[in-house]
Amino acid sequence: MSAQDTIFALSSGAGMAGIAVVRISGTLAGPALTAVAGSAPQPRKAVTAKLHNPETGELIDDALVLWMPGPESFTGEDIAELHVHGSRAVVAEVLAVLGGMVGLRLAEPGEFTRRAFRNGRMDLVEAEGLGDLIQARTAAQKQQALEHMTGLASRDYERWRGVLIQCLARVEASVDFSEEEDIAAGALSGVRERLFGLRDEILAAMAVSERGRAIREGVKVVFAGAPNTGKSSLLNRIARREAAIVSAIAGTTRDVIEVPLDLGGIPVILTDTAGLRAGSADPIEQIGMNRAEAEIRGADLTIWVTSPDIADQPPPGGFDSDTIRVHNKADLAENSSHNRNESRDGRYYLVSALSGEGISSLLGAIEEDVRERFGRGDAPVAVRARHLQALGRCAAHLTAAIDSPTERIEVVAENLRAAAAELGRITGLIDVEDLLDSIFGDFCIGK
């Protein structure tokens with residue numbers, strides 16, 4: 001694979017459709033367009049053209065074609081687009097004809113966007129936002145992805161980096177005079193105050209990054225409890241399909257089962273787990289219980305399920321996720337206070353997975369919890385682990401710079417350079433080659 005190759009791919013979804021879009025990018029995009037369409041239209045004007053196989057002259061399709069010469073294009077290179085009828089036969093023939101041209105090859109996943117990054121058309125955070133937008137399932141995911149794709153998050157990173165560079169310039173101008181205490185002290189007098197404010201901003205951004213992670217990946221809601229309390233039935237009732245196997249035999253659920261849900265525009269992952277009980281001699285059941293405990297540890301919200309026909313037990317200790325207590329099988333309970341042990345914040349719901357009683361109230365409580373914790377405020381600037389890690393290293397360098405004595409002004413300068421480098425790694429300005437394959441590998445081939 002070479003960055004100099006001309007690449008092509010189906011950029012619209014696979015399968016039958018009214019229209020399919022085939023994109024070509026690179027130095028041979030213009031000649032390829034001329035070969036199949038007869039000529040290239042005026043830049044950025046869509047025109048109809050009959051596409052022919054240049055080898056046989058056979059008609060392929062009556063299409064809409066566009067010509068977008070670089071550098072003012074998505075990739076920064078010459079781009080041609082063929083908007084053809086979306087039948088499998090037409091798409092297959094167009095791709096086959098392009099693949100037979102010398103110098104053209106099928107694009108790798110994410111290669112169009114990778115070239116856009118390489119050619120300065122977007123930074124790495126914007127590219128990640130584009131990838132998240134393509135995969136967005138809910139309104140909250142779409143909004144967060146748009147804010148990153150359009151550069152809103154990058155502006156904060158670049159603003160912080162700009163402050164660091166200004167401070168660094170002032171400090172470095174004084175390095176040669178570090179033995180003269182008055183000059184060094186004067187250089188650092190205003191710098192430290194700005195560094196304190198910058199560090200506070202970065203720490204605040206890190207504090208809300210969990211909200212961005214939850215929106216991007218989905219808020220994890222885990223159903224847990226003793227065997228046979230009806231956790232799987234509850235999941236099926238909420239999901240409105242038979243996602244989990246239901247049986248009267250204790251220990252039926254062994255594997256973790258996940259069901260995605262859109263609650264008020266926020267992505268939620270409902271997770272069914274194996275029942276927890278002491279004294280099981282079944283090694284397979286024990287594995288399931290270990291997995292259940294791991295899921296509870298990673299939960300954003302735990303739904304602890306009890307029922308009147310199963311001995312109650314409290315949620316296991318050592319887990320700090322928010323918890324809602326649910327008493328299932330209300331159709332069996334003569335007294336709704338039976339087994340009633342409220343969660344720490346008093347939330348308790350009497351429901352029946354069989355009849356549907358109380359399910360809407362439970363769903364409302366889950367949605368309220370999720371919206372309150374993850375659905376308020378602007379999109380966080382740090383939504384991926386690499387963002388958070390780089391910000392953590394940046395904040396540590398800022399602390400080291402702030403704490404350095406005046407006579408060690410060269411140490412202050414070195415820490416400011418390192419802090420600026422960490423912010424540059426987030427947006428892709430420096431030292432990101434090892435990240436590119438993992439980032440762009442998650443894209444579809446036509447993007």
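Only one of the numbered conditions (1) in contact with an Asp or Glu (Cβ under 7 Å, 6 or more places away or on another chain); (2) assigned to a strand (DSSP E or B); (3) open to solvent by less than 50 Å² (accessible area, probe 1.4 Å) is violated by ILE24, and that is (1). Just to verify a result, which residue in the range 229-263, among those that are open to solvent by 50 Å² or more (accessible area, probe 1.4 Å) and under 16 Å from GLY356 (Cβ atoms), is modelled with the lowest pLDDT? Only one residue fits best here, namely VAL246. In the range 66-96, what residues are open to solvent by 10 Å² or more (accessible area, probe 1.4 Å) and in a strand (DSSP E or B)? Passing the criteria: LEU66, TRP67, MET68, GLU81, HIS83, HIS85. Restricting attention to the range 278-303, report how many residues are part of a helix (DSSP H, G or I), among the aliphatic types (A, V, I, L, M) and surrounded by fewer than 19 Cβ atoms within 10 Å (Cβ to Cβ). Matching residues across the range 278-303 total 3.
Kindly check whether there is at least one residue in the range 90-113 that is among the β-branched types (Val, Ile, Thr) and within 28 Å of the chain's Cα centre (by Cα). Yes, the range 90-113 has at least one match. Name the residue that is farthest from the chain's Cα centre (by Cα), counting only residues in the range 54-65 that are of a type outside the set (Asp, Glu) and open to solvent by less than 30 Å² (accessible area, probe 1.4 Å). Once the filter is applied, the top-ranked residue is ILE60. Being open to solvent by 20 Å² or more (accessible area, probe 1.4 Å), touching an Asp or Glu at 6+ places or on another chain (Cβ under 8 Å) and either assigned to a loop (DSSP other than H, G, I, E, B) or farther than 29 Å from GLY70 by Cα (or both) is the filter here, so list the residues in the range 140-175 that pass it. Matches in the range 140-175: THR150, VAL175. Being in contact with a Ser or Thr (Cβ under 7 Å, 6 or more places away or on another chain) and not hydrophobic (A, V, I, L, M, F, W, C) holds for only one residue in THR56, THR48, THR27, and it is THR27. Taking the range 83-123 as the range and being in contact (Cβ under 8 Å) with a residue 60 or more places away in the chain, of a type in the set (A, V, I, L, M) and farther than 15 Å from GLY13 by Cβ as the test, the residues that pass are VAL94, VAL97, LEU98, MET101, LEU104, LEU106, ALA107.
Would you mind stating whether THR302 is within 36 Å of the chain's Cα centre (by Cα) and modelled with pLDDT of 90 or more? Answer is yes for this residue. Filtered by the rule that a residue be over 15 Å from GLU217 (Cα atoms), among the small types (Gly, Ala, Ser) and within 16 Å of the chain's Cα centre (by Cα), the range 123-171 gives ALA127, GLY151, ALA153, SER154.
For every residue, the table says whether it meets (1) under 19 Å from the mean Cα position of the chain (by Cα); (2) under 30 Å from LEU124 (Cα atoms); (3) outside any loop (DSSP other than H, G, I, E, B); (4) modelled with pLDDT of 85 or more.
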position	(1), (2), (3), (4)
SER355	no, no, no, yes
SER360	no, no, yes, yes
GLU368	no, no, yes, yes
PRO380	yes, yes, no, yes
ILE409	no, no, yes, no
ILE430	no, yes, no, no
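Does MET68 satisfy the condition of being in contact with a Lys or Arg (Cβ under 7 Å, 6 or more places away or on another chain) and free of Cβ contacts under 8 Å to residues at least 60 places away in the same chain? Yes; evaluated as a whole, the condition is true for this residue.
Which of the residues that make up the range 66-90 are on the phi > 0 side of the Ramachandran plot and either among the aromatic types (Phe, Trp, Tyr) or modelled with pLDDT under 95 (or both)? Break it down stepwise before answering.
Here is the first cut: in the range 66-90, the residues on the phi > 0 side of the Ramachandran plot are 76.
Across the range 66-90, there are no qualifying residues.
If the condition is being open to solvent by less than 40 Å² (accessible area, probe 1.4 Å) and among the acidic types (Asp, Glu), then the range 97-125 contributes GLU111, ASP123.
The values are calculated or read from the model by the stated rules, or taken from the named source; none is laboratory data. Keep in mind that this is a model prediction, so the values were computed, not measured. Ideal geometry is used to build each Cβ from the backbone, glycine not excepted, and the neighbour counts take in all protein chains shown. The protein model used for the area step is the full one, side chains on, heavy atoms only, and it has no ligands, DNA or RNA in it. Shrake-Rupley method; radii C 1.70, N 1.55, O 1.52, S 1.80 Å.
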